[in-house]
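Contents: one structure, followed by commentary.
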Amino acid sequence: MPGRALSFGVMAQAYERFRPGYPAELADAVLGYAGRPVVTALEIGAGTGKATRVFAGRGVAVTATEPDGAMLAELRRQVPADVRTVRAAFEELPPGERYGLVYAAAALHWTRPAGRWSRMAALLDAGGVFASFGGPVRLADPAVEEAVRAARAPFLATDEVPSPDGTPPEEAMQWPGTELSRSPWFSDVQQSLIERRLTMSADDWIGHLSTVSAYLVLPPAERKRAFEEILRVLPATVEVDADLTVHLARRNDRSAP
Ligand SMILES: C[S@@+](CC[C@H](N)C(=O)[O-])C[C@H]1O[C@@H](n2cnc3c(N)ncnc32)[C@H](O)[C@@H]1O
């Protein structure tokens, strides 16, 4: 899906404005799991820096990496000046430097599966932590969701990203925990949920949809019509489920790729 993976930059400012940020609870979960001070972190697919700010704010020296120049330019406007930035996709990151934490916020599914975990392990100190977090942002009211589904149907069947390894939603361990559990380089794989319920105006919900890759790759005229049709069925404000699923794992001491 390279077209979809690099579709965000055109909407970098909308992304910054309409996508929810990440709560302090997330940093508590990741840094608590580490069980030792986390001094350096590498962020994959940092976007406009929403998660960068959370970890930099906790005193971690974050290197934020992002392949899309427009996203990275917005990130630079949003994060403290001492955050290091690198314009690169995960696959382009040179091995060599290692970090106490490597994390991806709503970005890991855009990376290439081949060699993903050996490359990840090569970026981590022994005993270092890998974290991936994100989740669908959905309308909480089933009746509103159904009305939107019908309004969207002529343009898009679904606007969600499917599980990268096809794990059914009812399975206890979801991707990427599934892959991490099978990887020889990682152990102590944990999955947890941070529950979030947000309220947005209908216009802001459309603003949010304008940053979702499934809409970004529609021809502009169709995208405009889709948003008009969806806006027509929305109440003035919408309740939104934005639960975060967090996956954590530790790089084994013994195996250094
Ligand atoms: C949904 S956005 C998430 C941005 C940010 N991490 C956040 O949580 O707000 C996904 C990001 O992954 C980036 N991306 C796409 N392909 C990538 C790859 N192969 N390696 C690293 N990042 C990638 C996109 O440019 C985009 O900024």
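Values in this text are rule-based calculations from the coordinates and carry no lab data. From a predicted model like this one, the values you see are computed outputs, not experimental measurements. Heads up, the Cβs are rebuilt from the backbone with ideal geometry, glycines too, and the neighbour counts pull from every protein chain shown.
Structure above, values below:
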read-out: Long-range HN-HN contacts of R196 with modeled amide H, under 5 Å; value: A242, D243, L244
read-out: Integer Hz, Karplus 6.51/-1.76/1.60 couplings in order for the stretch 237-252, x for Gly and Pro; value: 10, 10, 8, 10, 8, 10, 5, 9, 8, 10, 10, 10, 7, 10, 6, 4
read-out: Lys, Arg +1 and Asp, Glu -1 on Cβ, resulting dipole of the stretch 121-257 about Cα centre, debye, nearest 20; value: 320 debye
read-out: Of M120, P23, S183, farthest towards positive along the dipole that unit charges on Lys, Arg, Asp, Glu beta carbons give the chain; value: M120
read-out: Placed amide H near L124: partners under 5 Å, 5+ positions off or other chain; value: Y99
read-out: Between the stretch 102-154 and the stretch 71-96, the Cα center-to-center distance that results, in Å; value: 19 Å
read-out: Fluctuation leader among T111, T52, T65 - the chain, Gaussian network, Cα springs under 10 angstrom; value: T111
read-out: S118 paired with R77, simple spin-label distance in nm, labels 7 Å along Cα-to-beta-carbon; value: 4.1 nm
read-out: FRET E, pair A140, L231, Förster distance 22 Å, beta-carbon r, rounded to 0.05; value: 0.80
read-out: Under 5 Å, built H, 5+ apart or other chain: amide partners of L42; value: T63, L101, V102, Y103
read-out: Helical mean residue ellipticity (222 nm; -39500 (n - 2.57) per DSSP H run of 4+; nearest 500) of the chain; value: -9500 deg cm²/dmol
read-out: The chain: DSSP helices with Cα axial extent of at least 30 Å and average Kyte-Doolittle hydropathy no lower than -1.0; value: none
read-out: Candidates F55, F18, F155: whichever shows maximal mean-square fluctuation once the chain is modelled as a Gaussian network with Cα springs under 10 Å; value: F155
read-out: Rounded to the nearest 20 debye, dipole of the chain from Cβ charges on Lys, Arg, Asp, Glu; value: 700 debye
read-out: GNM top mover of P168, P67, P23 - the chain, alpha-carbon springs below 10 Å; value: P168
read-out: Cα extents of the stretch 74-204 along the three principal axes, largest first (Å); value: 51, 39, 27
read-out: Tail beyond 29 Å, pair distance distribution of the chain (Cα, percent); value: 30 percent
read-out: Distance (nanometres) between label positions extended 7 Å along Cα→Cβ at L193 and E170; value: 1.6 nm
